[in-house]
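Contents: one structure, followed by commentary.
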There are 2 protein chains.
Amino acid sequence: MLPFNLTILGCSSATPTSERNPTAQLLGHGEKLFLIDCGEGTQVSLRRMHIHFQRIRHIFISHLHGDHFYGLIGLISSMHLLGRTKSLHIYGPPMLKEILDLQLLASQTTLLYPLEFHPTQAEKPEVIFEDEHIIISSFPMLHRIPTTGFFFQEKPYERKIRKDVIELLKIPVHLIPKLRSGEDYIAPDGTIHPNKIITIDPPSPRSYAFCSDTAYFEDIIPVVKGATLLYHETTFMNDRVANAADKFHSTTGQAATVAVKAGVKKLLIGHYSARYDNLQPLLDEARAIFPDTELAVDGCVFEI
Amino acid sequence: MLPFNLTILGCSSATPTSERNPTAQLLGHGEKLFLIDCGEGTQVSLRRMHIHFQRIRHIFISHLHGDHFYGLIGLISSMHLLGRTKSLHIYGPPMLKEILDLQLLASQTTLLYPLEFHPTQAEKPEVIFEDEHIIISSFPMLHRIPTTGFFFQEKPYERKIRKDVIELLKIPVHLIPKLRSGEDYIAPDGTIHPNKIITIDPPSPRSYAFCSDTAYFEDIIPVVKGATLLYHETTFMNDRVANAADKFHSTTGQAATVAVKAGVKKLLIGHYSARYDNLQPLLDEARAIFPDTELAVDGCVFEI
């Protein structure tokens, strides 16, 4: 089973505070590092956590409110100044490319590495990346400007071969890939050996859903159904539900309700308003509805 | 005499490090706060130093390399989100306005306060701000892209009245402004009382010159002549003089030479390459040529 973990680089909404950076998360899967949103100061957070940021090959930007992308141009520039040559893929709203291009033009910078931009749309779910291990999709949020969430789904693992049974039945090596994918073994004498006695169940594929920023939005539920970990923004506590709706943000109760209705395994809340110094009351409110909730706090790492 | 001091918010060149932010300085004069350059993370540095950033009315951007302005859009946005209504004046290269406008457009933000943009040019010295206490000029640096320094000069203080002499000579109150500006007093009997016995010398006007980024450039010398405090970049030590020239940056020896030739009172060096963990050797090299040199380090405050 591949390592799969999430590092919180920033959990503040709107404005950074002395303790909380604006939104940025680093998702590690196998050897890959995916950066999700990139608020101001992300490159320094990565340095302070001793994360070698040149390893990041894919960056996902949910929308163009500054607290989700103002750190991107600085990170791109530092990657260049530190001699990067490997390509970098950026997924985000089309206007992001204009903003990056204009700033590179202003500094008369020609990047030393290929920057490949993949525009996202906020109309419907869409697969935006796929390799042998993972599928990444964008899907619409309900916010003031076009905004997407991102869903990272492991592909099913192959079944694991029982070497003892292979040897016992003298199964030819060239058939092993078929057994891994679930086929039965038919012996030369015609006997059928069911796959389930030759192989064992692989680990279940895991998934991570990132939902920020959004008002309460039931369209999210079928998309993130059964996610291993759901991050859902909770800018406000329940007493500010009108304020949240007005600003197209969510409350703790709304995030927890999405978690319940989507049947996810664990909920992570974040994107807290700067008005909350103490986050425990937010956690308590969410846990009253969905007990397996955790707080996203800068520097925390969650195994998925 | 008005308070006049400089707070270093960032002293790194090119890329931030864990300890050093990219260039930003806060100059306080009387009640006014002037922000000079605004690298990524400046708004958080201001918060951590408990500086109320809504008090800043004027921001000066030297040039459009990212380490000098990538924190500006975040600061502007936070000022907006925190309810600012007072106008903000920004002085910088014309393309800066395009960059800010595009980012505000992308986030569909209409600022709650007037943002007044004043384009600078890097061809010749020019007065860009003046009030009753201070004159601020921009002047050309020698860099890869159009870059200006900024010179902050106090206006001469008025002469101070000797109350004992005023009473002794029974000088009418309405004549006092003329005495403050240096005129003699002619008594009703025609006696001339020279100004120097009625008033005392005011404090000398002070000045601060900001020079970053630039190669060694003798055109700076007549502009900053006699400055109370000169900040001059020293990206490299003397052994990298060719490297410095190649990148249109300066060495410690070059900064100190400008200080000597301009006859400034004190030199402050900064904008250090991330290759230097220990800054003492840079200070030693500069002091060998200009003894009254200090290191600009994040968080330091210098009285001018």
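Each reported figure results from applying straightforward, stated rules to the coordinates on display, with no laboratory input. On a predicted model such as this, the values are computed, not experimentally measured, just so you know. Glycine also receives a Cβ, built like all others from the backbone with ideal geometry; neighbour counts cover every protein chain displayed.
In this structure, B:Ile99 does not qualify as within 10 Å of chain A (Cβ to nearest Cβ), β-branched (Val, Ile, Thr) and under 19 Å from A:Ser12 (Cβ atoms). Looking only at residues of the range A:87-125 that are over 23 Å from the mean Cα position of the chain (by Cα) and assigned to a helix (DSSP H, G or I), we find that the one that is surrounded by the most Cβ atoms within 10 Å (Cβ to Cβ) is A:Gln103. Against the numbered list (1) within 12 Å of chain A (Cβ to nearest Cβ); (2) more than 20 Å from B:Ile136 (Cα to Cα); (3) aliphatic (A, V, I, L, M), B:Ile61 comes up short only at (2). Taken over the range A:50-75, the criterion of being in contact with a strand residue (DSSP E or B) (Cβ under 7 Å, 6 or more places away or on another chain) and among the aliphatic types (A, V, I, L, M) is satisfied by A:Ile51, A:Ile56, A:Ile59, A:Ile61, A:Leu72, A:Leu75. A single member of A:Arg47, A:Arg84, A:Arg20 is in contact (Cβ under 8 Å) with a residue 60 or more places away in the chain and either outside any strand (DSSP E or B) or within 7 Å of chain B (Cβ to nearest Cβ) (or both), and it is A:Arg20.
What helices (runs of 4 or more DSSP H) completely inside the range B:219-290 contain at least 1 residues that are in contact with a Ser or Thr (Cβ under 7 Å, 6 or more places away or on another chain) and over 20 Å from B:Ile36 (Cα atoms)? First the steps, then the outcome.
Numbers: elements: B:220-224, B:241-246, B:252-262, B:280-289.
Correct list: B:241-246, B:252-262, B:280-289.
Inspection of the range A:37-51 finds no residue satisfying the criterion of being crowded, with 19+ Cβ neighbours inside 10 Å and within 30 Å of A:Ile200 (Cα to Cα).
Of the residues B:Ala262, B:Ala286, B:Ala227, the single one that is buried (at least 18 other Cβ atoms within 10 Å of the Cβ), among the small types (Gly, Ala, Ser) and out of contact with any helix residue (DSSP H, G or I) (no Cβ under 6 Å at 6 or more places or on another chain) is B:Ala227.
Taken over the range A:23-43, the criterion of being of a type outside the set (A, V, I, L, M) and either out of contact with any Leu (no Cβ under 7 Å at 6 or more places or on another chain) or away from chain B (no Cβ under 14 Å) (or both) is satisfied by A:Thr23, A:Gln25, A:Gly28, A:His29, A:Gly30, A:Glu31, A:Lys32, A:Phe34, A:Asp37, A:Gly39, A:Glu40, A:Gly41.
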